[in-house]
Amino acid sequence: MVRSRGFKVQERVETALRRIFDNIRILGIETANLYNCVGRVLAENIFSEFDIPRFDRSAMDGYAVLAEDTFGASDMNPVLIKLIGEVRVGEVPNFDVSSGFAVRIFTGSALPKGANAVVPLEFSEIAGEYIKIFRSVTPYKNVSRAGEDLRKGELVLRRGEILQPQDAGILASLGFETVKVYRKPKVAVISTGDELVEPGKKLEGAKIYNSNNPMICNALLELGFYSVSLGIVKDKFEEIERKLFDGLQYDMVVFTGGTSVGERDLVPEVVEKYGNILFHGVAMKPGMPTAFGLVDNKPVFMLPGSPAACLLAFNTFVIPALYRMMNVRIVERKGTVKKGILESRIPSELGVRSIVRVYWDNGKVFPIQISGSSVLSSLVRANAILIVPEDLEGYEAGEEVEVRLIRDITEVFE
């Protein structure tokens with residue numbers, strides 16, 4: 001960099017990112033409570049220690065029966081079966097069901113031994129000590145089988161996943177109270193410039209309000225990172241030094257302003273005095289004056305003072321660096337709409353909107369096979385949803401469809 005004459009070398013964005021990734025260290029691992037783990041990066045593989053559900057259970061309110069007893073049932077020819085009791089949710093059945101008998105059962109109730117299906121309430125009618133059944137059911141109809149959600153020993157969540165609410169739910173289902181995660185960086189934000197005044201104070205002369213500091217602090221907050229504003233520092237070498245030392249109490253320092261090629265752009269000189277500048281100047285507009293260095297092995301970003309360039313440089317370089325400190329690279333962002341070819345047919349009922357859980361993988365869309373309303377693992381296995389609108393009967397295999405990602409897609413660095 002030559003003062004007042006521009007940047008001698010402008011790094012390509014991908015080259016600059018590689019330098020960041022190659023020189024940032026992982027912060028370490030800590031424990032997060034299950035009630036406060038969303039957005040954290042998982043630091044361990046999670047396996048199921050038992051089947052979920054642990055027993056066959058009813059998928060709706062109705063009557064537990066032998067399916068074979070209902071064959072041939074219709075409105076004109078109902079089947080009569082004797083009612084011998086009931087099983088409420090959370091109770092262990094203390095009787096067996098044999099041919100000719102039924103048990104009142106509720107959604108989530110354990111299926112009594114001998115029963116192999118559930119007749120919904122709407123297809124039955126009480127008749128004294130008996131029930132009339134007006135529809136036949138096949139074996140295990142309306143039953144959630146043991147292990148249907150998760151099998152013992154199954155990999156549930158992989159290291160490097162950015163945890164979502166559904167992940168907290170499945171971890172709770174497995175009995176976890178805490179989980180190991182990578183520590184989140186704490187970031188110090190410093191704005192430089194003799195012309196800056198903090199919002200709320202009186203403007204005089206040619207002064208302007210400091211917009212970069214609240215903007216960057218809120219950009220960090222939006223992503224769930226802790227930030228502290230160290231305020232404004234004048235364009236003086238010694239004052240910038242003091243602010244840098246204050247910032248090094250945290251995991252990362254972000255300067256805004258003072259990083260171009262003017263006589264009073266002193267931040268890179270201060271950083272270079274106490275550490276190393278790994279690049280200064282990138283082939284990007286806006287954002288060309290962006291710089292990155294290390295002081296005491298802590299990353300120091302020097303972003304342009306122009307607000308738009310500042311935020312765009314933050315998004316391009318600082319966000320990937322923050323996740324690198326948690327050992328992951330984000331390949332695709334949650335909420336992104338992706339197109340893909342459907343690998344198998346998805347049926348849907350006319351007049352009903354279907355929210356289909358799918359797995360998107362580089363332009364291919366795979367429907368999650370087991371996806372009942374109680375199967376929480378379907379939302380953990382899925383990384384996207386596909387909406388089938390009310391006026392369609394589904395999509396055929398081979399069709400191009402649009403899906404929306406419901407989790408970040410990540411890669412682990414090491």
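Derivation of every value follows stated rules applied to the coordinates shown; laboratory data play no part. Here the structure is a predicted model, which is why all the values come from computation and not from measurement. Cβ coordinates were reconstructed from backbone atoms using ideal geometry, including for glycine residues, and neighbour counts include every protein chain displayed.
Exactly which GluC sites (Glu not before Pro) in the range 97-170 are in a DSSP loop and have at most 15 other Cβ atoms within 10 Å?
GLU129, GLU154
About its Cα centre, how strong a charge dipole does the range 321-414 have in debye, to the nearest 20, once Lys and Arg get +1 and Asp and Glu get -1 at the Cβ?
On the way: 13 positive and 14 negative charges, 102 e Å.
Value, rounded to 20: 500 debye.
TYR395's amide H: which non-local residues (gap 5+, or another chain) put their own amide H closer than 5 Å, with H modeled 1.01 Å from N in plane and none for Pro or chain starts?
The list, which skips near neighbours in sequence, is ILE346.
In nm, to one decimal, how far is the modelled label at GLU400 from the one at VAL89, with both set 7 Å along Cα→Cβ?
About 4.5 nm separates the two model spin labels.
Would you please give the FRET efficiency between ILE29 and TYR209, computed as 1/(1 + (r/R0)^6) with r the Cβ-Cβ distance and R0 = 41 Å, to the nearest 0.05?
With a Förster radius of 41 Å, E is 0.50.
How long is the gain from ASN276 to ILE341 if the chain were fully straight, where each residue apart is worth 0.36 nm and the alpha carbon distance is subtracted?
Gain on extension, ASN276 to ILE341, equals 18.6 nm.
Could you pull out the chymotrypsin sites (Phe, Trp or Tyr not before Pro) across the range 296-363 that fall in loop regions by DSSP (anything but H, G, I, E, B) with no more than 14 other Cβ atoms inside 10 Å?
Details: sites: PHE301, PHE314, PHE317, TYR323, TYR359, TRP360; in loops: none.
Here no chymotrypsin sites (Phe, Trp or Tyr not before Pro) fit, given the DSSP loop and packing criteria.
State the antiparallel share, in %, of DSSP beta bridges confined to the range 190-313, rounding to the nearest 5.
45
Cut-off under 13 Å on the C-alpha distance; same-chain residues fewer than 8 positions from LYS364 excluded. Which aspartates and glutamates are left, in chain and number order?
Hits, sequence-local ones excluded: GLU343, GLU399, GLU400, GLU402.
Have a look at ILE319, ILE170, ILE131 and tell me which one the Gaussian network model of the chain (Cα, springs below 10 Å) gives the largest fluctuation.
It is ILE131.
Working out 0.36 nm times the residue gap between ILE330 and GLU393, then minus their Cα-Cα distance, what length gain in nm do you get to one decimal?
Numbers: separation 63, 0.36 × 63 = 22.68 nm, distance 3.50 nm.
Fully extending the segment from ILE330 to GLU393 adds 19.2 nm.
Where nothing but the Cβ of Lys and Arg (+1) and of Asp and Glu (-1) is charged, how large is the charge dipole of the range 84-145 around its Cα centre, in debye to the nearest 20?
Values: 7 positive and 6 negative charges, 46 e Å.
In debye, rounded to 20, the range 84-145 gives about 220.
R0 = 35 Å: FRET efficiency of LEU121 with PHE47, Cβ-based, nearest 0.05?
Efficiency, rounded to the nearest 0.05: 0.40.
So if I take the alpha carbon set of the range 191-237, get Rg, then get Rh from the Kirkwood formula, what is the Rg over Rh ratio?
Working: Rg = 12.0 Å, Rh = 11.6 Å.
Checking Rg against Rh, the ratio lands at 1.03.
Pick from LEU303, LEU322, LEU34 the residue whose mean-square fluctuation is largest in a GNM of the chain, springs joining Cα atoms under 10 Å.
Result for the chain, Cα springs under 10 Å: LEU34 fluctuates most.
Counting other Cβ atoms within 10 Å of each Cβ, which trypsin sites (Lys or Arg not before Pro) in the range 185-228 have at most 14 and sit in a DSSP loop?
When the trypsin sites (Lys or Arg not before Pro) of the range 185-228 are filtered for loop state and at most 14 Cβ neighbours within 10 Å, LYS201, LYS202, LYS207 remain.
Rounded to whole Hz and in sequence order, give me ³J(HN,Hα) for the range 351-358 from the Karplus expression 6.51 cos²θ - 1.76 cosθ + 1.60, θ = phi - 60°, writing x for Gly and Pro.
Those phi angles translate into x, 10, 7, 9, 9, 9, 7, 9 Hz.
Hey, rough spin-label estimate for ASP296 and SER74, points 7 angstrom out along Cα→Cβ, what's it come to in nanometres?
Distance between label points: 8.4 nm.
Which residues' amide hydrogens lie under 5 Å from the amide hydrogen of TYR130, considering only partners 5 or more residues apart or on another chain, with H built in the peptide plane?
LEU83
Spin-label point model (7 Å from Cα, Cβ direction): what's the GLU195 to THR138 distance in nm?
Result for the modelled spin labels: 7.4 nm.
Ignoring everything except DSSP H segments at least 4 long, calculate the 222 nm mean residue ellipticity for the chain; use -39,500 (n - 2.57) per segment, divide by total residues, nearest 500.
That comes out to -4500 deg cm²/dmol.
Of the cross-linked pairs LYS201/LYS243; LYS202/LYS273; LYS152/LYS186; LYS186/LYS338; LYS186/LYS273; LYS180/LYS298, which ones have a Cα-Cα span greater than 27 Å in the structure shown?
Table pairs above 27 Å Cα-Cα are LYS202/LYS273; LYS152/LYS186; LYS186/LYS338.
Once each part is reduced to its C-alpha centroid, what is the distance from the range 335-375 to the range 78-138 in angstrom?
Using only Cα atoms to place each centre, the spacing works out to 34 Å.
Would you mind getting me the FRET efficiency between LYS180 and GLU349? Use the beta-carbon distance for r and R0 = 51 Å, nearest 0.05.
Working from the Cβ atoms, E equals 0.75.
For the range 163-309, what is the charge dipole size about the Cα centre, in debye to the nearest 20, if Lys and Arg each add +1 at the Cβ and Asp and Glu each add -1 at the Cβ?
220
Could you give the length gained by full extension between ARG242 and ASN362, i.e. 0.36 nm per residue of separation minus their alpha carbon distance, to one decimal place?
Numbers: separation 120, 0.36 × 120 = 43.20 nm, distance 4.81 nm.
Fully extending the segment from ARG242 to ASN362 adds 38.4 nm.
Which option, (1) 52; (2) 45; (3) 60, is the value of percent of Cα pairs over 29 Å apart that was calculated from these coordinates?
(3)
Report, ordered by chain and residue number, the lysines lying within cross-link reach of LYS207, taken as a straight Cα distance under 18 Å and ignoring same-chain residues fewer than 8 apart.
Counting by Cα, and skipping residues close in sequence, LYS207 has these lysines nearby: LYS234, LYS236.
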